[in-house]
Amino acid sequence: MDILKYTTATPEEKEYSIIGNFTPVDAEGKCVYCNHCEPCPVGLDIGLINKYYDLAVLGDNLAKDHYMNLEKKTGDCITCGHCNSRCPFKVDQVDRMKIIREYFGE
């Protein structure tokens, strides 16, 4: 029943950014869709947005369609930086949201 302890854990106990200390050098600055950057104050699914963008850039039109059908998109980003402060891979998600917004023409 140890797994149920998570439901009553404090935010500090749920903080996993320490994994950044174990990040391979070649992964630094790259989104791996882990969602440790969440929760987003406006409800963006940051990992999924990044995944759809990366796939769309590679030519996956279905990923672009999926992105366009998201309820919350990069245009909803308020650039608060909460995601940046939590990312164990040191991804500048605020900047990335701007790039993704421009790519999808929002």
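Does Cys31 satisfy the condition of being under 11 Å from the mean Cα position of the chain (by Cα), over 20 Å from Gly105 (Cα atoms) and of a type outside the set (Ser, Thr, Tyr)?
Yes: the conditions hold for Cys31.
Only residues that are within 12 Å of His36 (Cβ to Cβ) and touching a helix residue (DSSP H, G or I) at 6+ places or on another chain (Cβ under 6 Å): list them for the range 87-106, please.
Pro88, Phe89, Gln93, listed by residue number.
So which residues in the range 41-88 are among the hydrophobic types (A, V, I, L, M, F, W, C), surrounded by fewer than 19 Cβ atoms within 10 Å (Cβ to Cβ) and part of a loop (DSSP other than H, G, I, E, B)?
Val42, Leu58, Leu70, Ile78, Cys80, listed by residue number.
Residue pairs, Cβ under 7 Å, 6 or more apart or interchain, first in the range 62-76 and more than 14 Å from Arg101 (Cα to Cα) and without any contact (Cβ under 8 Å) to a residue 60 or more places away in the chain, second surrounded by 11 or more Cβ atoms within 10 Å (Cβ to Cβ) and aliphatic (A, V, I, L, M). List them.
Ala63/Leu55; Ala63/Ala56
Taken together, the values in this text are just the output of simple stated rules run on the coordinates, not laboratory data. This is a predicted model, so every value here is computed, not measured. Cβ: placed from backbone, ideal geometry, glycine included. Neighbour counts: every protein chain shown.
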